[in-house]
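A.B. asks: Okay, here's the structure, questions in a sec.
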Amino acid sequence: MNFERMTVEQIKDSILNKLHTQFACDVADATPEQLYQALALVVRDEIMQRRSASRDARKAQQAKKVYYLSAEFLVGRALHNNMVNLVNETNYMKALDELGIDRSVVFEEEPEPGLGNGGLGRLAACFLDSLTTLKLPAMGCTIRYEFGLFRQRLVDGYQVEVPDNWLASGNIWEIPHPQDAVDIHFGGRIETYEDNGRTYYRHLDYKTVQAMPYDIPVVGYDSTKVNFLRTWSAKAVNQIDMGRFNRGQYVQAMEERELAEVISKILYPNDDSYQGKELRLKQQYFFSSASIQFAVKEFIDTYGYNFAIFPDKVAIHINDTHPAVAIPELMRILMDDYGLGWDEAEAICRRTFAYTNHTVLVEALEKWPESLFREQLPRVYMILEEMNRRLCAKLWDAFPGQWERIGHMAILAYNQVHMANLCVAYTHSVNGVSAIHTDILKRQTFHDFYMLEPRKFVNVTNGITHRRWLMQCNPELSSLIDEAIGDEWRKDMKKIEALKPFADDPAFRQKFEEIKYHNKLRLADAVFRHQGIEMNPDSIFDAQAKRLHEYKRQLMNALGIMMLYNDIDEHPEKEFHSRTFIFGAKAAPGYHRAKLTIKLINAVGDLVRKHPRASKLINVVFLENYCVSQAELLMPATEISQQISTAGKEASGTGNMKFMMNGAVTLGTMDGANCEIYDQVGADNIYIFGLTAQEVESGYATYRAHDIYETNPKVRKVMEQLIDGTLCPENPRMFQEIYHSLLFGDYGGMADPYFVLKDLTSYITTQKEMMADYDNRDLWLRKAVLNTACSGLFTSDRSIEEYNRLIWHLKPLKL
Ligand code: 26Q
C-alpha cells in the first residue's frame, strides 16, 4: 500500500476543519490548547491510515512479535516527533506558518507523559522508535500511570515535588481498547484437587481488578509501519459494589473501587533502592499479567492452541526485573488455563523470555518478602516454589554441598524472593547494557550462573534514537550534516562517519560553531522565560544532567566548582574562561542525601553570585524539572558533557550518547558506555580521569579519604567551607552531614564510598587541560565535530539490530 504525504494545502484544510468541527472556532479565536489538539488530530489521522496496513501484514505473514515489558516508557512529547518520523515536518511547518500559528507555542502545549524515572524508561522509548523504524513487529507494555514522575520546583534552592497530572486535559494520542480488557486476580486462596491422576488448582476468594488498555501509536521513520505502546489502566470491575451499596454500605462500596484503581495511580519516583511496597508489587503483577494474557490471546487468535510454536512466534522481553513476575504468570496460564504439563510449560517459558539487567548496585536488586507474594499472588507463589525447588536441585548437582552459593543463586532464600535470580535462571538470554557492565555481570553479579551457562550472557550496548536526539532536537545541525555528506545518515546512522574529514574543514567548523551558538541562545532564552535566570552565551556551557545519585557524583562537580571559585578568589591576576555549569537532576523524594546535594549546588551558585569577580566567570544554573523536553533543548546547546560516575557503578548511561551526538566533548570516568565513546572518538577527543573500575574494587580495602584531606590543602579548604558558614551563613551546619560522610562515613560505613575526594584532584587537573584546549578554537571544534561524526554506533537502531540478531530473531515486515 502506498501512502501519500499530506501536502501543505491539505494540512491547512485539515487543521481548519478540526478547529471547526471539534472546537467550533477559527485560528484567530482558538486557544493554544485547541490549536495543539487540532494539529495533533491531523497528525494522528495521518498515522492511523497506516495502522491497519501494518496489522494486516503481520497477520498475513504470521510474523514473530516481541512484547517489550517495562514498568516505564519515558516517551516524551509526540507531536513534533511524529511529524519528523512521517518525514513531513517541512510541510507541517509551512502550513503552520501560512496559518499564522506559532509552532513553538503549539508544541509547548503538549503535556509530556512522565511515565518513567530516567535512563531505563527513556531507553524503552528509544527502542520502540527503532523497532518500528526497522519494521519489526513489537508492542511496548506498561502501566498507564495517572500521575507520572513528579514535577520539580525549586524553592529557595530546595527541591519541592508537585504532582504530575498529565492526563488532566485528556491524551489525544491514546486509543482505548475495551474489547481487550482483562481481569487480574489478587489475594484469595488456592484449592487443590486431583482428577485422573493430575493435580488441579482452583483460585478462590480473590479480588478482581480490571486492566483496561489504551494504545499509543508509534510511527516508524519514513515507513508505513506502526507499532503500539499499550498502557494498562486499573479499573474496578463493578463500578460500585451494588451488594454493599444496597446494604447501605455506600462509602465502603466506593472505597473498594478506589482500592482497585489506586494500582495505576502513580509512578514510584525512586530508581535506586527498592522497598518492599505492596502496591508496587501489585503494579508489577497487574501490567505483567495483563500483557501476558493479551500475548497468549493474540497467539491463539493467529495460531490456535499449538503452543509448541509459541516461542517461535512470541518473544517477551523483561526490562529489568520489574516485570519478572511475567515468567511464573505465563507458567500459570499455560498449565492452569490450557492444561499443559510443567515440563512443557517450562520449556516454552525458557525459550520465550529474555532479560536485561540495568544495575549492579546491590541495594537496587529487587527482593520481595515471601509473605507478600504468598498473600497477594498465592498461585504464582506456588509456582515460584516449584521453580525454586527444581533450580536448587540442579544447583545441588553442580555445586554439591555449597549451601551458601546455592542460597545466593536461589529464587527463594532467607524469606525473600530474588527477582534477578528468577530472571537469570528461567530466561534464555541475559544482557548487560554496555561492554564493561556485561563484563561485571559475568565476573561478579551473576558469576556463578555464568559458570554454568556462559552462552546465556550477551552484551547489547544501549543506544538512543538519532531521530529525536539529533534530527528533531537539532534541526540546524542536521541540515548542516545533510549539506556536507548528504542525507543518507538519517536512515542509516553508520553513515555519519563520513563527517569525519569535515573536522579538518575550517568553513565547516565555523558553521558548526555558529549552530552551537544558536542552540545556546535558544536554551538561554527558554531558561530565562521559565526561571528568569540569565545565561551568558559566550561562556562555556558545561552540563551534568541525570537523576541525582551519590554514585553519579554531582557532589564532586559541586566541589570542583568551589575549587574553581577559590582559585579565582585567590588569584585576581589569573585569566579564566567564563563557564556556565548547568545541572539538571531530580532526587527521589525520600532520598535525603540527594535532596541536600541539590541544595548544596544551589548554595554554591549563590556563593559565586555574591563574589564580584567570580560572578563574571562562573554561573551555576540548576534547570528546574529536568525532563525529556528540557533535554531536547539542553543536548544541542552543551559543549562539555560531564559523565563522572564512580567507575563500575553506571551500567551504561545514555545522556552521554545524546550530548556526544550533538557535538559535546565528554569529561568522564572509564565507566559504562563512556568506555565505548572513548573507543569511538579516541583519546584525543575525550577527557578521561579518575580511578578505573578495578582500582575502585581494590580500593575499598585500603582507601582512606582522610589522608587526602590531610595532605591536600585545596581539598581541605573546600571541605572546611562546607561547615564554616561560607555556603550558608545563616545555618553553617547545613552541609555538615556531607562533610562527615566524606571524611568519616555514615551509618558505620566507610568514608567516601564513592571515591569523591580520591578522584577530585585528577578531575580538576583534567578540567584545566580541557580549558586550555578550549581556548584553541580550531583544536576544540575539531574535537566537537569528531564527537558527532563518531556517534553512529550509539543509535538505538544498532542496539535493536543486535537484540534482534542475538535474542529475538524477528523478521522485518514486508509492507
Ligand atoms: C524498583 C523497585 C521499586 C520502585 C522502583 C524501582 C526502580 C525504578 C526505576 C528501579 C530502577 C529504576 C531505573 C533504573 C535505571 O534507570 N537505570 C539506568 O538504566 C539506563 C538504561 O540502561 C542505564 O543507562 C543507566 O546506567 C542505569 O542507571
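The values are calculated or read from the model by the stated rules, or taken from the named source; none is laboratory data. These figures come from a predicted structure and were not determined experimentally. We place every Cβ from the backbone using ideal geometry, glycine too, and count neighbours over all the protein chains shown.
Residues checked against (1) out of contact with any helix residue (DSSP H, G or I) (no Cβ under 6 Å at 6 or more places or on another chain); (2) of a type in the set (Phe, Trp, Tyr); (3) at pLDDT 95 or above:
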site	(1), (2), (3)
61	yes, no, no
69	no, no, yes
76	no, no, yes
79	no, no, yes
115	yes, no, yes
118	yes, no, yes
131	no, no, yes
135	yes, no, yes
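A.B. asks: Go through (1) assigned to a loop (DSSP other than H, G, I, E, B); (2) more than 13 Å from the ligand (Cβ to nearest atom); (3) under 17 Å from residue 762 (Cα atoms) and name the single condition residue 645 misses.
C.D. replies: Here residue 645 meets the rest and fails (2).
A.B. asks: Let me ask something additional. Please tell me if residue 52 is within 16 Å of the ligand (Cβ to nearest atom), closer than 27 Å to residue 137 by Cβ and polar (S, T, N, Q).
C.D. replies: On the way: within 16 Å of the ligand (Cβ to nearest atom): no; closer than 27 Å to residue 137 by Cβ: yes; polar (S, T, N, Q): yes.
The answer is no for residue 52.
A.B. asks: Identify all residues within region 224-275 that are more than 16 Å from the ligand (Cβ to nearest atom), within 27 Å of the chain's Cα centre (by Cα) and part of a helix (DSSP H, G or I); write none if there are none.
C.D. replies: Residue satisfying the conditions is 261 alone.
A.B. asks: Answer with yes or no whether residue 105 is among the hydrophobic types (A, V, I, L, M, F, W, C), more than 30 Å from residue 163 (Cβ to Cβ) and either within 16 Å of the ligand (Cβ to nearest atom) or assigned to a helix (DSSP H, G or I) (or both).
C.D. replies: On the way: among the hydrophobic types (A, V, I, L, M, F, W, C): yes; more than 30 Å from residue 163 (Cβ to Cβ): no; either within 16 Å of the ligand (Cβ to nearest atom) or assigned to a helix (DSSP H, G or I) (or both): yes.
No, not satisfied.
A.B. asks: Right, here's the next one. Take residue 777 and tell me if it is within 29 Å of the chain's Cα centre (by Cα) and surrounded by fewer than 20 Cβ atoms within 10 Å (Cβ to Cβ). Working first, answer last.
C.D. replies: On the way: within 29 Å of the chain's Cα centre (by Cα): no; surrounded by fewer than 20 Cβ atoms within 10 Å (Cβ to Cβ): yes.
No; evaluated as a whole, the condition is false for this residue.
A.B. asks: Report yes if some residue within region 481-488 is within 16 Å of the ligand (Cβ to nearest atom), among the aliphatic types (A, V, I, L, M) and crowded, with 21+ Cβ neighbours inside 10 Å; otherwise report no. Let's see the steps before the verdict.
C.D. replies: At the first step, the residues of region 481-488 found to be within 16 Å of the ligand (Cβ to nearest atom) are none.
Checked region 481-488: no residue is within 16 Å of the ligand (Cβ to nearest atom), among the aliphatic types (A, V, I, L, M) and crowded, with 21+ Cβ neighbours inside 10 Å.
A.B. asks: So if I check each of 720, 710, which one is closer than 29 Å to residue 578 by Cβ, free of Cβ contacts under 8 Å to residues at least 60 places away in the same chain and in a helix (DSSP H, G or I)?
C.D. replies: Values: 710 fails: closer than 29 Å to residue 578 by Cβ.
Just one listed residue meets the conditions, 720.
A.B. asks: In region 653-689, what residues are within 16 Å of the ligand (Cβ to nearest atom) and either among the β-branched types (Val, Ile, Thr) or modelled with pLDDT under 95 (or both)?
C.D. replies: 654, 666, 669, 677
A.B. asks: If we scan region 679-693, do we find a residue that is under 20 Å from residue 542 (Cβ atoms), part of a helix (DSSP H, G or I) and among the aromatic types (Phe, Trp, Tyr)?
C.D. replies: Step one: of region 679-693, the residues under 20 Å from residue 542 (Cβ atoms) are 681, 684-690.
Filter again for part of a helix (DSSP H, G or I), leaving 681, 684-685.
If we keep only those that are among the aromatic types (Phe, Trp, Tyr) as well, we get none.
Looking for residues that are under 20 Å from residue 542 (Cβ atoms), part of a helix (DSSP H, G or I) and among the aromatic types (Phe, Trp, Tyr), one finds none in region 679-693, hence no.
A.B. asks: May I ask you to verify whether residue 434 is in contact with an Asp or Glu (Cβ under 7 Å, 6 or more places away or on another chain), modelled with pLDDT of 95 or more and among the hydroxyl-bearing types (Ser, Thr, Tyr)? Step through it out loud before you land on a result.
C.D. replies: Working: in contact with an Asp or Glu (Cβ under 7 Å, 6 or more places away or on another chain): yes; modelled with pLDDT of 95 or more: yes; among the hydroxyl-bearing types (Ser, Thr, Tyr): yes.
Answer is yes for this residue.
A quick yes/no check of all residues on (1) assigned to a loop (DSSP other than H, G, I, E, B); (2) under 18 Å from residue 625 (Cα atoms); (3) more than 16 Å from the ligand (Cβ to nearest atom):
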| position | (1), (2), (3) |
| --- | --- |
| 77 | yes, yes, yes |
| 83 | no, no, yes |
| 90 | no, no, yes |
| 94 | no, no, yes |
| 100 | yes, no, yes |
| 114 | yes, yes, no |
| 121 | no, yes, no |
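A.B. asks: Further question: On the basis of being buried (at least 22 other Cβ atoms within 10 Å of the Cβ), within 16 Å of the ligand (Cβ to nearest atom) and either free of Cβ contacts under 8 Å to residues at least 60 places away in the same chain or more than 23 Å from residue 689 (Cβ to Cβ) (or both), does residue 594 make the cut?
C.D. replies: Values: buried (at least 22 other Cβ atoms within 10 Å of the Cβ): yes; within 16 Å of the ligand (Cβ to nearest atom): yes; either free of Cβ contacts under 8 Å to residues at least 60 places away in the same chain or more than 23 Å from residue 689 (Cβ to Cβ) (or both): yes.
For residue 594, the condition - buried (at least 22 other Cβ atoms within 10 Å of the Cβ), within 16 Å of the ligand (Cβ to nearest atom) and either free of Cβ contacts under 8 Å to residues at least 60 places away in the same chain or more than 23 Å from residue 689 (Cβ to Cβ) (or both) - is met.
A.B. asks: In region 619-659, which residue that is under 16 Å from the mean Cα position of the chain (by Cα) and at positive phi is surrounded by the most Cβ atoms within 10 Å (Cβ to Cβ)?
C.D. replies: 653
A.B. asks: Now for a different question. Could you list, in sequence order, all residues of region 721-734 that are loosely packed, with under 15 Cβ neighbours inside 10 Å and either within 16 Å of residue 756 (Cβ to Cβ) or touching an Asp or Glu at 6+ places or on another chain (Cβ under 9 Å) (or both)?
C.D. replies: Step one: list which residues in region 721-734 are loosely packed, with under 15 Cβ neighbours inside 10 Å, which gives 724-725, 729-733.
The answer is 732, and nothing else.
A.B. asks: Now for a different question. Suppose the filter is in contact with a Cys (Cβ under 9 Å, 6 or more places away or on another chain), touching a residue at least 24 places away in the same chain (Cβ under 8 Å) and surrounded by fewer than 24 Cβ atoms within 10 Å (Cβ to Cβ); does residue 287 pass it? Working first, answer last.
C.D. replies: On the way: in contact with a Cys (Cβ under 9 Å, 6 or more places away or on another chain): yes; touching a residue at least 24 places away in the same chain (Cβ under 8 Å): yes; surrounded by fewer than 24 Cβ atoms within 10 Å (Cβ to Cβ): no.
When the stated conditions are applied, residue 287 does not pass them.
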